[in-house]
Amino acid sequence: MIMPDRPLLLKATGLNLKRRHKQVLTDISLELHAGEILTLIGPNGCGKSTLIRILLGLEKVDSGSVWRRKPLTIGYMPQHLQLEPRLPLTVLGFLRLARSAQDSAIHGWLNRLGIQLLVNQDIQDLSGGEWQRVLLARALLLKPDLLVLDEPVQGVDVQGQHELYRLIPTLRDELGCGVLMISHDLHLVMAATDEVICMNGHICCSGHPDLVSVSDAYQQLFGQRTAPIAHYTHHHDHQHCLVGHTDDDPTAETRQP
Amino acid sequence: MNALMISYWWLMPLLSGLLLSCVTGPLGSFVVWRRMAFFGDTLAHGALLGITLGVISDINPTLALLLSSVVLALLLYPMQRIASLSSDTLLGIISHSMLAVGLVVLSLAQDVRVDLMGYLFGDLLAVTSTDTLMVAIAAVICIGLIIWQWRGLLATTVSPELAAIDGYPVARLQLLLILMLALVIALAMKIVGILLVSAMLIIPPAAARSLSRTPEQMALFASLIGLVSVLMGMSASFWWDTPAGPSVVVAATLLFVASTAVNRR
């Protein structure tokens, strides 16, 4: 949703990236404002993570530009973090590595996320879900203006997934931050996001999820199967969904390559 | 009188070894955590070429060693960052070809007298008080830098990406680490030799791993294990006349084996 009174945090214009012989990203443009939750969805290997890394300035593009507000405190929760088994590190030690992290903030977030008992545990011994929460705590520690979550529910059980997605809008309201997240499951993020961008190398469609869900195109694409735990499978051939292309949907951003 | 003379001769090498193991503890821990062991080997092997060129061009050998080590580190530094470049193979090629070229050039320069064995396996008796002073200065500088930049170095090691987003100067910290490594390897070479220098960096931290719960503990224990190895190895060398460098490495290895019995994780 476009909120003109809220400051712009991030703006990407015409991003293109080719790696070896594969066109990874084609003409991607997007904007993110403070207080807005934007979700990227798309099949595996569609360039979501690469796009996020580019937006964060971790990778370069062939053409196009990324503008980030300055100063911009970013909390980033990566999809994977390869841990070195020879490096002994407790949860507290790991979180203290965040620049200018305060112990009070660390304990506050650990309590909030329900993992305060893990504080002195070795990070090698954490389960997938616990580790995801620790990574989320690290992303939140510095009171970010922009929260970037790459598949935040990976390795989390179904109960935990719903909890986490309920938490995200609350965090947004508390911190007043913009949220950019990646998911491959549209249903799960429906309630947690203001805007969805479907991508598969390029932006197939984008729009507000509520408007998306009542549109004919959405019904056509996702049917009535969206019961609480129904799985949504994303088939992108080169048929673009029509969501956001409808005339009666002024808030949806439209892109048609 | 003899005993006094001998202990004097042994004092400088022993002191150098002890000072050095104070640095190799924390620095070696980073080498282990960042899987840079092969990188250290490459620096050490390349140093032989540096020594040879230094001797031919008549520069102070220690200075030549330091210079070549730093230059090589700076040349290899960009490669470190391109992980996808199958750097194992590339480093292997560079490492061994530099050792080979060094040996060939050395043999061609017939009018130059270089104690090859001394460089390959370390020559403790050649350690002078000037060398010891250099080791002491380097040790103080490196330990100071490591303590000062500890959090940044560690954050960069755990995740360069998260560190970069946090605003740590990732590239500069990596460069700092590599330059310290080059410095320490150049200085350690006289004591343990080109072939065994990376053992001094890797074995004590590896032994310290199972005893530690935090990175700080591991760095500290690695220094202590290094100190004990130097004492053990040099004592063995003193009493049984074994080569000092290899004796130190053997001692470190024994301590490593003993450490695996403790709390295997």
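Computed values, structure above
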read-out	value
Length gained when the stretch A:D27-A:K11 is fully extended (0.36 nm per residue, less Cα-Cα span)	4.4 nm
Viscosity 1.002 mPa s, 20 °C: Kirkwood-radius Stokes-Einstein D of region A:152-193 over Cα pairs, µm²/s	200
Accessible surface of region B:115-265, 1.4 Å probe, proportion on carbon and sulfur as whole %	73
Modelled FRET efficiency - R0 56 Å, A:Q82 with B:D58, Cβ distances, 0.05 increments	0.70
In region A:11-70, the GluC sites (Glu not before Pro) that fall in loop regions by DSSP, at most 16 other Cβ within 10 Å	A:E59
Solvent exposure of the protein assembly as shown as accessible area per residue, Å², 1.4 Å probe	46
Chain-alone versus full-assembly comparison, region B:116-160, residues with accessible loss of at least 50 Å² (1.4 Å probe)	B:R151, B:V158
Straight-distance crosslink candidates among lysines, where the alpha carbon sits under 17 Å from A:K143 and sequence neighbours closer than 8 are dropped	A:K70
FRET E, pair B:A100, B:R213, Förster distance 41 Å, beta-carbon r, rounded to 0.05	0.40
The protein assembly as shown, helix-only ellipticity at 222 nm - DSSP H runs n ≥ 4, -39,500 (n - 2.57), divided by all residues, nearest 500	-18000 deg cm²/dmol
Where a label projected 7 Å from the Cα of B:D115 along Cα→Cβ would reach, residues of region B:17-48 with amide N under 16 Å	B:17
Interface size B-A, as summed buried accessible area [1.4 Å probe, Å², nearest 100]	2300
Separation in nanometres of the label points that stand 7 Å from Cα toward Cβ, at B:V140 and A:W67	5.3
Three semi-axes of the equivalent ellipsoid, the protein assembly as shown, Cα gyration tensor, whole Å, largest first	56, 25, 18
Angstrom value of the Kirkwood radius, inverse mean 1/r, which spans all Cα pairs in region A:45-140	15.1
Largest-first principal axis extents of the Cα set of region A:42-86 (Å)	38, 30, 19
Threshold 20 Å² - residues in region A:69-94 whose accessible area is reduced by that much or more when the chain is no longer isolated, probe 1.4 Å	A:I74, A:Y76, A:L81, A:E84, A:P85, A:R86, A:L87, A:P88, A:L89, A:T90
Mean projected area (nm²) of the alpha-carbon convex hull when region A:97-138 is viewed from all directions	2.8
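The values are calculated or read from the model by the stated rules, or taken from the named source; none is laboratory data. Because the structure is a prediction, the values reported are computed rather than measured. Cβ atoms come from the backbone with ideal geometry, glycine included; neighbour counts cover every protein chain shown. Accessible surface is based on the protein model in full, side chains and every heavy atom, while ligands, DNA and RNA are left aside. Shrake-Rupley method; radii C 1.70, N 1.55, O 1.52, S 1.80 Å.
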